[in-house]
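Quick notes on the structure that follows.
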Amino acid sequence: GQNIDQPTEMTATEGAIVQINCTYQTSGFNGLFWYQQHAGEAPTFLSYNVLDGLEEKGRFSSFLSRSKGYSYLLLKELQMKDSASYLCAVSSAYSGAGSYQLTFGKGTKLSVIP
Amino acid sequence: SQTIHQWPATLVQPVGSPLSLECTVEGTSNPNLYWYRQAAGRGLQLLFYSVGIGQISSEVPQNLSASRPQDRQFILSSKKLLLSDSGFYLCAWSVSPRGGTIYFGEGSWLTVV
């Protein structure tokens with residue numbers, strides 16, 4: 001099975017940098033996703049990592065280390081609108097050839113304060 | 001561009017009543033379709049997925065069912081709702097089967113009373 005761990009809550013100051021960690025245990029790893037979910041809304045796709053290293057997209061960056069089963073989402077120049085839950089999701093082999101499943105962590109609720 | 005819509009956005013239903021949530025995808029053909037549920041304080045749970053018309057796979061035993069009568073239409077149903085069915089229901093689609101990036105609809109808040 002899959003096991004995904006991420007902190008439940010984090011608080012950071014407007015304008016600062018915050019790093020949200022995600023660790024996972026899985027077999028047949030096929031990629032790691034980060035989603036942003038504002039309260040009462042659907043998740044929206046942020047980033048995808050399949051190879052080791054850093055993927056940068058504006059103020060958001062995501063890092064992956066497959067050997068360590070570890071990823072983080074880095075948010076720079078925090079804004080109040082970044083207050084949301086951030087979901088780590090792992091794609092891994094399911095059953096049968098070419099079949100994968102996407103498993104979500106429980107999410108990290110980030111509060112940005114003035 | 002592709003869009004996904006689901007409705008209704010919010011509903012309050014008594015225990016034992018039926019349920020029907022609908023979802024449609026536009027701008028793509030033969031998408032993979034999913035129904036997820038997000039209960040309070042819990043992560044996203046995959047309920048059903050479909051790779052084509054009439055092809056439905058259920059991930060967890062429950063009193064819910066899903067149908068795909070058309071290529072871009074996905075319906076979640078129940079004949080008799082339970083209190084435990086309350087939650088945030090999300091329809092989603094992807095191009096690649098299962099393990100690729102998925103995109104969510106707006107979600108439907110269901111409260112069973």
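Quick one: is B:S94 touching a strand residue (DSSP E or B) at 6+ places or on another chain (Cβ under 7 Å), open to solvent by less than 60 Å² (accessible area, probe 1.4 Å) and within 15 Å of B:L11 (Cβ to Cβ)? Spelling it out, it is not the case that B:S94 is touching a strand residue (DSSP E or B) at 6+ places or on another chain (Cβ under 7 Å), open to solvent by less than 60 Å² (accessible area, probe 1.4 Å) and within 15 Å of B:L11 (Cβ to Cβ). In the set (1) open to solvent by less than 10 Å² (accessible area, probe 1.4 Å); (2) touching a Ser or Thr at 6+ places or on another chain (Cβ under 9 Å), A:D82 fails one condition alone, (2).
Annotation note: Cβ proximity below 6 Å between a residue of segment B:76-96 that is under 30 Å from A:Y48 (Cβ atoms) and a residue that is β-branched (V, I, T) and in a strand (DSSP E or B) (sequence gap 6+ or interchain) occurs for B:W93/B:I4; B:W93/B:V25.
Answer with yes or no whether A:S65 is within 12 Å of chain B (Cβ to nearest Cβ) and touching an Asp or Glu at 6+ places or on another chain (Cβ under 7 Å). Give the derivation first.
Details: within 12 Å of chain B (Cβ to nearest Cβ): no; touching an Asp or Glu at 6+ places or on another chain (Cβ under 7 Å): yes.
No, not satisfied.
Taken together, the residues in segment B:97-113 that are at pLDDT 95 or above, in a strand (DSSP E or B) and either within 14 Å of chain A (Cβ to nearest Cβ) or open to solvent by 30 Å² or more (accessible area, probe 1.4 Å) (or both) amount to 5.
Of the listed requirements (1) touching a residue at least 24 places away in the same chain (Cβ under 8 Å); (2) under 15 Å from B:G107 (Cβ atoms), B:Q45 misses just one: (1). Every listed requirement among (1) touching a Leu at 6+ places or on another chain (Cβ under 9 Å); (2) open to solvent by 20 Å² or more (accessible area, probe 1.4 Å); (3) part of a strand (DSSP E or B); (4) at pLDDT below 95 is met by B:Q62 save one, (3).
Among the residues of segment A:41-58, which ones are at negative phi and open to solvent by 20 Å² or more (accessible area, probe 1.4 Å)?
Here is the first cut: in segment A:41-58, the residues at negative phi are A:41-52, A:54-57.
Those that are at negative phi and open to solvent by 20 Å² or more (accessible area, probe 1.4 Å): A:E41, A:T44, A:F45, A:L46, A:Y48, A:V50, A:L51, A:D52, A:L54, A:E55, A:E56, A:K57.
Looking only at residues of segment A:18-34 that are under 16 Å from A:R59 (Cβ atoms) and within 8 Å of the chain's Cα centre (by Cα), we find that the one that is farthest from the other protein chains (Cβ to nearest Cβ) is A:I20. Taken together, the residues in segment A:9-40 that are in contact with a Gly (Cβ under 7 Å, 6 or more places away or on another chain) and open to solvent by 30 Å² or more (accessible area, probe 1.4 Å) amount to 3.
Okay, residues lined up against (1) modelled with pLDDT under 95; (2) at positive phi; (3) more than 14 Å from chain A (Cβ to nearest Cβ); (4) not in a strand (DSSP E or B):
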{"residue": "B:L11", "(1), (2), (3), (4)": "no, no, yes, no"}
{"residue": "B:G16", "(1), (2), (3), (4)": "no, yes, yes, yes"}
{"residue": "B:C23", "(1), (2), (3), (4)": "no, no, no, no"}
{"residue": "B:L33", "(1), (2), (3), (4)": "yes, no, no, no"}
{"residue": "B:L46", "(1), (2), (3), (4)": "yes, no, no, no"}
{"residue": "B:V51", "(1), (2), (3), (4)": "yes, no, no, no"}
{"residue": "B:S57", "(1), (2), (3), (4)": "yes, no, no, no"}
{"residue": "B:S67", "(1), (2), (3), (4)": "no, no, yes, no"}
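Looking at the structure I just gave you, is B:S77 open to solvent by less than 10 Å² (accessible area, probe 1.4 Å), in a strand (DSSP E or B), of a type in the set (G, A, S) and over 20 Å from A:G107 (Cβ atoms)?
Working: open to solvent by less than 10 Å² (accessible area, probe 1.4 Å): no; in a strand (DSSP E or B): yes; of a type in the set (G, A, S): yes; over 20 Å from A:G107 (Cβ atoms): yes.
In short, no.
Here's a check for you: in segment B:4-39, which residue that is in contact with a Gly (Cβ under 8 Å, 6 or more places away or on another chain) and among the hydrophobic types (A, V, I, L, M, F, W, C) is nearest to B:N63 (Cα to Cα)? Step by step, filter segment B:4-39, then rank; the result is B:A39.
The values are calculated or read from the model by the stated rules, or taken from the named source; none is laboratory data. Just so we're clear, the structure is a prediction, and the values are computed from it rather than from any experiment. Reconstructed Cβ throughout: ideal geometry from the backbone, glycine too, with neighbour counts over all protein chains shown. Heads up: the accessible areas ignore ligands, DNA and RNA and are worked out on the full protein's heavy atoms, side chains in. Shrake-Rupley method; radii C 1.70, N 1.55, O 1.52, S 1.80 Å.
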